[in-house]
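Remarks on the structure that follows.
What follows draws every value from the coordinates through simple rules; no lab data is involved. Note that this is a predicted model, so its numbers are computed, not measured. Because the Cβ atoms are built from the backbone with ideal geometry, glycine has one as well, and the counts that use them run over all protein chains shown.
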Ligand code: FES
């Protein structure tokens, strides 16, 4: 099984590892195939994702895709971020071995959940339900 240079590089030096204090959206997902877990945090300002961080308990491909997805979403609008698929993340990494494709789904799902969470929070704020 061969990993691209870029996958190895993001695995060795993952970007944006950690948690965001007072995030505007959080996505937590588990991969049903292997049980690995990812948490993704986003900060949103004026409809733009200004920061993204992650914590992943998982394999090298999960860490590399987590790292890449946080890089890809930064400075994107919510709408554009919603269009980021696991394939886009894999492409940006120069590919993944077929047997590791399921790992990239974790990144897409964590992002989608974080965006959903953001939308739910903003809807609550808009309707005055949040503190
Ligand atoms: Fe679990 Fe890769 S083996 S996410």
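Computed values, structure above
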read-out	value
Estimated FRET transfer efficiency when R0 is 25 angstrom, pair residue 17-residue 123 (beta carbons, to 0.05)	0.25
The chain: relative contact order in percent, alpha carbon pairs under 8 Å with at least 6 residues between	31
For segment 31-101: relative contact order, % (alpha-carbon pairs under 8 angstrom, 6 or more apart)	26
Tilt relative to the chain, helix 101-126 - C-alpha long axis, 0 to 90 degrees, to 10	10
Segment 16-63 - convex hull of the alpha-carbon atoms, volume per residue in Å³	78
Solvent-free Debye scattering, log10 I(q)/I(0), computed from the Cα coordinates of segment 56-131 at q = 0.12, 0.18, 0.27 Å⁻¹	-0.38, -0.70, -1.22
Cβ-derived FRET efficiency at R0 22 Å, residue 92 paired with residue 45, nearest 0.05	0.40
Folded to 0 to 90 degrees: helix 60-73 orientation relative to the chain principal axis, Cα	40
Three semi-axes of the equivalent ellipsoid, segment 5-115, Cα gyration tensor, whole Å, largest first	21, 14, 13
